[in-house]
1. Order the peptides 28-36, 48-56, 62-70, 11-19 from the highest to the lowest mean number of other Cβ atoms within 10 Å of their residues.
2. Obtain the nm distance between the two label points defined at residue 60 and residue 20 by a simple spin-label model: each point lies 7 Å from its Cα along the Cα-to-C-beta direction.
3. Taking 7 Å along the Cα-to-C-beta vector as the label spot, tell me the residue 83-residue 38 distance in nanometres, rounded to one decimal.
4. Antiparallel as a % of all DSSP beta bridges within the chain, to the nearest 5?
5. May I ask you to derive the relative contact order of segment 42-103, considering only C-alpha pairs under 8 Å and at least 6 residues apart, and to give it as an integer percent?
6. For the chain, what does -39500 (n - 2.57) per DSSP helix run (n ≥ 4), summed and divided by total residues, give at 222 nm, in deg cm²/dmol to the nearest 500?
7. State the extension gain, in nm to one decimal, for the chain segment bounded by residue 4 and residue 27, taking 0.36 nm per residue of separation less the distance between their alpha-carbons.
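Nothing in this text is a laboratory measurement; each read-out follows from the coordinates by a stated rule. Computed from a predicted structure; not experimentally measured. Cβ coordinates were reconstructed from backbone atoms using ideal geometry, including for glycine residues, and neighbour counts include every protein chain displayed.
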C-alpha cells in the first residue's frame, strides 16, 4: 500500500464536501493507496507529465490532483468539477504545488 500525503489545504476541502461525496472520495483514495502507480481509468487519468487526476462522483463531481514523488503519493489540490473540461487554472495550481514540493 502506497503512502498518501495530503498537502495542508486538502483537509479543509475534503471536510467541506457533502457526506455522500466525501464517502466516494475516501473510496477513491483507498483505491489509489491500494493500486498506486497501477491505478487507471475510470479512477484516474494522467493530466500532465507529473500530475494525475483522481476522480470521485457522489452528489458532486470531485477531482483531486496528485503526483508521485519519493515513493509517496502527494494529494496536491482538489476542486468540484462544474464543467465538461477541467479548468486550466486548476491544473496550473496543481503544477505549482508540485514544483513547491522541491523547496
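1. Peptide ranking by packing, descending: 62-70, 48-56, 28-36, 11-19.
2. 1.4
3. 3.7
4. Expressed as a percentage, antiparallel bridges in the chain total about 80.
5. Relative contact order, segment 42-103: 24 percent.
6. -11500 deg cm²/dmol
7. Length difference between fully extended and current span is 6.9 nm.
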